[in-house]
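Following: one structure in structure tokens, then a few remarks.
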């Protein structure tokens with residue numbers, strides 16, 4: 001088991017290193033896309049804490065991205081704050097404001113489960129969108145806010161490669177900390193809640209509190225993604241906070257494989273590249289993306305991360321689809 | 001185990017390498033290629049407008065067989081979905097991957113505000129053929145040295161329109177307009193000019209963008225007003241006149257140009273006959289140049305050109321004119337902007353030149369919707385008949401540039417509604 005686990009970690013590290021080494025030598029558009037994918041990877045991983053580990057399907061994750069992004073934009077344009085080393089302060093503030101929003105929203109959302117949780121998070125997410133759209137004096141309404149050039153403090157973030165390194169760093173740290181989180185006793189209790197909340201409660205866990213804390217943590221990481229997104233894109237608009245962004249995040253997790261962390265990041269990469277490349281090639285790209293989602297859900301309920309296990313399963317004639325999960329891990 | 005890692009690594013390498021390869025291969029184009037990126041919504045609720053935009057540009061390209069004075073035009077259309085962030089992403093793609101010399105278009109005013117900074121950041125020419133946000137060529141103009149507007153500012157046609165309303169003897173007008181930047185700027189321009197000649201705006205109502213049920217708004221319109229000024233966009237344009245008519249209101253209706261644009265006019269009914277609007281173009285313009293344009297466009301695409309088509313057709317014409325001066329050589333971004341800004345041209349909309357802030361000075365037409373035969377077509381159809389022409393109108397109208405720029409940009413609260421009751 002530990003051997004298998006170490007191998008998985010090694011593979012992830014190797015893949016990350018590959019991205020780190022190869023990206024700077026790609027075309028400048030690819031660098032931008034990889035940066036976008038990493039940022040959405042953070043968002044998807046934050047959602048995975050809720051969806052994959054705690055079993056809470058949230059449709060409002062864009063709200064936290066929006067809080068982080070709008071905070072960055074408002075501070076930069078109104079107070080010229082965060083244009084030098086204070087960028088780091090903005091990162092912290094972005095995480096805090098998103099976490100605080102999640103703490104507030106959580107009071108309403110956590111009491112519900114399943115579809116009801118979905119609907120409440122959707123509604124709360126739309127509230128943030130409504131604010132972004134209608135609070136003209138602060139958010140610029142429909143026009144959104146255009147940010148000044150990226151911060152400089154010895155390091156020039158305006159340079160796309162430098163900014164890629166920065167985002168990569170944040171991504172790696174997010175992945176590592178979230179991994180530690182889900183491996184911790186707290187993370188295990190979240191999985192316990194996902195599997196059988198009633199039993200956890202009977203065992204004496206305060207499941208409400210556990211879910212509430214998970215919700216806040218997910219919000220915080222969403223805020224981090226928001227700060228990075230605002231600086232990457234140079235524009236914050238209500239379109240970023242709209243339901244479609246939340247749905248995208250959800251689909252990234254489902255596509256990659258919920259409950260795997262890395263899956264969300266892979267899903268983010270695939271969605272970003274598919275969307276940006278396909279949409280320049282064919283006008284009916286949305287059908288392709290839709291088709292990919294449908295096929296994944298129908299044939300790969302475990303997402304792409306479930307693929308190796310599935311292949312391994314089909315190689316063994318004795319294995320029946322339903323039993324794949326209970327197979328002992330085989331090391332080749 | 002190691003071999004497995006190596007295998008997955010090599011797959012990653014191949015994938016990234018492929019992606020990088022497609023990015024690089026465009027670099028080595030022939031020197032005489034002019035790469036033009038074009039942003040229009042080709043999916044979503046604005047898809048039809050996007051088609052009009054693309055068709056306009058494409059028709060000019062077809063006329064000259066894709067050849068601008070020796071430069072082969074590579075025309076790359078990207079779908080901006082009517083969303084500013086998508087527009088920004090597509091421009092990044094156009095500039096970084098396709099290495100375009102310039103990008104054109106975008107639909108909404110908000111998209112214009114989002115794209116202009118990208119042109120500055122990535123040092124690429126942006127030709128705003130449709131986005132009419134005032135400040136792009138007014139107070140923020142200095143921030144966007146590589147932006148040229150070939151379309152219009154939202155308030156531009158509505159300044160003379162305000163004066164025209166005074167001439168008709170209207171004293172008190174109520175305004176009802178879509179609640180976003182474009183609506184605010186259209187109403188603002190009209191109000192300022194109308195009140196400058198003694199008129200009064202006595203009420204302003206702002207239905208949200210996308211409203212299709214005007215039931216809550218129409219009954220609140222002041223009964224003693226002389227006329228109604230309206231600005232509607234998209235599906236709102238269709239619904240408002242219908243519901244106004246069925247509410248039995250027979251007051252004269254004035255409107256911003258997009259309310260009765262040819263893009264939506266054929267789907268309208270007799271309820272809009274007599275409505276008056278102001279814009280720099282009308283398909284009903286009876287000049288030989290425009291008649292030929294309308295006929296050719298209609299033959300090719302099966303519908304009457306809208307201002308969205310005309311504006312992009314004219315933009316192509318202007319770019320061609322610049323390339324004639326440089327004999328097909330790309331002169332560099334700054335020089336291109338300079339040359340484009342100095343163009344004077346006869347176009348389908350009439351004579352066009354650009355002012356020193358790179359916004360067109362052109363005729364503004366006051367247009368009344370009429371059902372009649374025109375341009376030799378056999379059927380009676382709705383047309384925006386031109387009832388008065390204000391020649392060579394600049395974005396500053398008669399207010400003077402310096403004084404005009406001192407005031408804030410038109411908004412929900414500016415000019416203040418001092419005669420509101």
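Which value does Rg/Rh take for the range A:142-232 over its C-alpha atoms, Rh per Kirkwood? Write down the numbers at each step before the final one.
On the way: Rg = 18.6 Å, Rh = 15.9 Å.
Reported Rg/Rh, Kirkwood definition of Rh: 1.17.
Hey, fewest Cβ within 10 Å first, where do B:206, B:164, A:229 land in order?
Numbers: B:206 17, B:164 23, A:229 26.
Fewest to most other Cβ atoms nearby, the residues stand as B:206, B:164, A:229.
Of the candidates A:221, A:179, A:277, which one comes out as most mobile in a Gaussian network treatment of chain A with C-alpha springs shorter than 10 Å?
A:277
Where Rh denotes the Kirkwood radius from the mean inverse Cα pair distance, what is Rg over Rh for the protein assembly as shown? Could you put the intermediate results ahead of the total?
Working: Rg = 28.4 Å, Rh = 28.0 Å.
That ratio equals 1.01.
Quick one: plug the Kirkwood hydrodynamic radius of chain B (C-alpha pairs) into Stokes-Einstein at 4 °C, 1.567 mPa s, and report D in µm²/s. Don't skip to the end; give the middle numbers.
Values: Rh = 22.4 Å.
Roughly 58 µm²/s, to the nearest whole number.
With a ≥ b ≥ c taken as the square roots of the eigenvalues of the C-alpha gyration tensor of the range B:256-395, please select rounded if a/c is under 1.5 and otherwise prolate if a/b is larger than b/c or oblate if it is not?
On the way: a/c = 2.66, a/b = 1.83, b/c = 1.45.
The shape class here is prolate.
Partner chain Cβ atoms within 10 Å, averaged over the residues of A:276-288 - can you pull that number for me? Present the calculation step by step, with values, prior to reporting the outcome.
Details: counts 6, 4, 0, 9, 9, 0, 0, 5, 1, 2, 2, 0, 0.
Mean shielding count: 3.
Working from Cα positions, state the angle (0 to 90°, nearest 10) between the long axis of helix A:262-281 and the longest principal axis of chain A.
60
What angle do you read, to the nearest 10 degrees and between 0 and 90, between the alpha-carbon axis of helix A:62-78 and the longest principal axis of chain A?
Approximately 20 degrees, to the nearest 10.
Working from the alpha-carbon coordinates of the range B:211-322, get Rg over Rh, Rh being the Kirkwood radius.
Working: Rg = 16.5 Å, Rh = 15.7 Å.
Over the Cα atoms of the range B:211-322, Rg/Rh equals 1.06.
Sort B:185, A:195 so the one with the fewest other Cβ atoms within 10 Å of its own Cβ comes first. Walk me through the numbers on the way to the answer.
Numbers: B:185 26, A:195 10.
So the residues, fewest neighbours to most, are A:195, B:185.
Please identify, among B:291, B:378, B:128, the residue showing maximal mean-square fluctuation in a Gaussian network model of chain B using a 10 angstrom Cα cutoff.
B:378
As a check on your grasp of the helix formula, calculate [θ] at 222 nm for chain B: sum -39500 (n - 2.57) over DSSP H runs of n ≥ 4, divide by the residue count, round to the nearest 500.
Numbers: 11 runs with 152 residues, N = 421.
Result for chain B: -11500 deg cm²/dmol, rounded to the nearest 500.
Please report, for the Cα atoms of the range B:129-262, the Rg to one decimal and the Dmax as a whole number; what are they, in angstrom?
So, for the range B:129-262, Rg and Dmax equal 15.3, 50 Å respectively.
Quick one: among B:410, B:126, B:377, which has the greatest mean-square fluctuation in a GNM of chain B with alpha-carbon springs under 10 angstrom?
B:377
What is the order of B:149, A:199, A:7, fewest Cβ neighbours within 10 Å to most? Intermediate values should be presented prior to the final figure.
Numbers: B:149 29, A:199 12, A:7 15.
With the fewest neighbours first, B:149, A:199, A:7 line up as A:199, A:7, B:149.
How long, wide and thick is the range A:29-326, going by the Cα atoms along their three principal axes, in whole angstroms, largest first?
63, 49, 35
Helix-only mean residue ellipticity at 222 nm, chain A, DSSP H runs n ≥ 4 weighted -39,500 (n - 2.57), per residue, nearest 500. What is it?
Working: 15 runs with 237 residues, N = 332.
Theoretical 222 nm ellipticity from helices: -23500 deg cm²/dmol.
Could you work out the mean count of beta carbons from other protein chains within 10 Å of each residue's beta carbon in B:115-121? Don't skip to the end; give the middle numbers.
Values: counts 2, 1, 6, 4, 0, 1, 5.
What the average comes to for B:115-121 is 3.
Shape verdict for the range A:3-106, please, from the Cα gyration tensor: rounded (a/c under 1.5), prolate (a/b greater than b/c) or oblate.
oblate
Bin by bin, in steps of 5 Å, what percent of the Cα pairs in the range A:58-156 do you find, going until the bin that has the longest distance?
With 5 Å bins starting at 0, P(r) equals 3, 12, 20, 20, 17, 12, 8, 4, 2, 1.
Output the 0 to 90 degree angle, nearest 10, between the alpha-carbon long axis of helix B:307-325 and the longest principal axis computed from the alpha carbons of chain B.
50
Where a number appears in this text, it was derived from the coordinates with a stated rule and is not lab data. All values reported here derive from a predicted model rather than from experimental measurement. Using ideal geometry, Cβ is built from the backbone for each residue, glycine included, and neighbour counts are taken over all protein chains shown.
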